[in-house]
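Data first, discussion second: the structure below is written as structure tokens.
The values are calculated or read from the model by the stated rules, or taken from the named source; none is laboratory data. What you are looking at is a predicted structure, and each value in this text was computed from that prediction instead of being measured. For neighbour counting, all protein chains shown are included, and Cβ atoms are generated from backbone atoms with ideal geometry for every residue, glycine included. The accessibility values were calculated without ligands, DNA or RNA, using every heavy atom of the protein model including side chains. Shrake-Rupley method; radii C 1.70, N 1.55, O 1.52, S 1.80 Å.
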Amino acid sequence: METQLQSCYFTKKGPSLVTLFGYATKSVPGLEINGLGKYGKSIKEKIVFVTRTRSLQIPLKRFVLNVEITDEMGDLETSSVKWLEYPLLLHYWFLAGLLPISKLDNCLAVGSLTPSGLIEEPLSSSVVSLCDEHELHLIASSAVEGPRGVIDGKDLFGSITHLEFKGLRCPN
């Protein structure tokens with residue numbers, strides 16, 4: 001199984017679209033995150049921790065998640081990379097078959113994740129405009145209107161306990 005999902009990387013010029021793509025194969029089980037350099041391992045461990053503390057049954061497969069960061073975005077910064085944590089979690093759980101959604105290819109999600117399961121979403125008109133410009137559905141739990149409709153994150157994660165959502169002002 002393979003899929004992709006759009007997210008945002010916040011630069012000084014505002015949010016830039018970032019493509020997350022990944023797949024699951026019958027190989028040595030595990031989770032691998034590529035494209036984030038030194039930040040990838042930390043995010044991977046946080047996702048594994050959040051998954052394990054909720055006793056979620058993940059199939060014995062190899063899950064590979066990739067982040068396509070372009071040179072125009074500059075050097076990776078912690079303040080921007082953290083907003084990819086929630087989309088990576090969403091992507092992983094989708095590939096593991098835990099979420100009731102048939103595809104993510106035309107969706108955008110952005111947010112950070114804490115080990116306790118708090119998801120913070122930095123939503124603003126510029127993020128919504130990015131969805132409109134690229135004809136994407138926004139996955140969000142905050143009270144926001146999107147031109148193509150909003151998929152409620154709370155409904156999407158409804159069967160998974162102990163996840164909280166908090167809307168934030170957009171960083172840029």
Residue 110 being open to solvent by less than 20 Å² (accessible area, probe 1.4 Å), under 16 Å from residue 21 (Cα atoms) and part of a loop (DSSP other than H, G, I, E, B): yes
Select from segment 3-30 the residues that are under 14 Å from residue 61 (Cβ atoms) and touching a helix residue (DSSP H, G or I) at 6+ places or on another chain (Cβ under 6 Å) and write down the one among them that is surrounded by the fewest Cβ atoms within 10 Å (Cβ to Cβ). 24
Output for segment 56-80, where each listed residue is at pLDDT 90 or above and not aliphatic (A, V, I, L, M): 57, 59, 61, 62, 63, 66, 68
Report yes if some residue within segment 144-151 is over 23 Å from residue 62 (Cβ atoms), under 16 Å from the mean Cα position of the chain (by Cα), open to solvent by 20 Å² or more (accessible area, probe 1.4 Å) and not small (Gly, Ala, Ser); otherwise report no. yes
Could you grab me the full set of residues in segment 113-135 that are part of a loop (DSSP other than H, G, I, E, B), in contact with a Leu (Cβ under 8 Å, 6 or more places away or on another chain) and open to solvent by 10 Å² or more (accessible area, probe 1.4 Å)? 134
Determine which member of the set 12, 61, 82, 26 is basic (Lys, Arg) and within 17 Å of the chain's Cα centre (by Cα). 82
Is it the case, given these coordinates, that residue 50 is open to solvent by less than 10 Å² (accessible area, probe 1.4 Å), of a type in the set (A, V, I, L, M, F, W, C) and at pLDDT below 95? yes
Name the residue that is modelled with the lowest pLDDT, counting only residues in segment 138-172 that are part of a strand (DSSP E or B) and more than 18 Å from residue 118 (Cβ to Cβ). 150
Please find, among 90, 20, 104, 56, the residue that is of a type in the set (A, V, I, L, M), part of a helix (DSSP H, G or I) and touching a residue at least 60 places away in the same chain (Cβ under 8 Å). 90
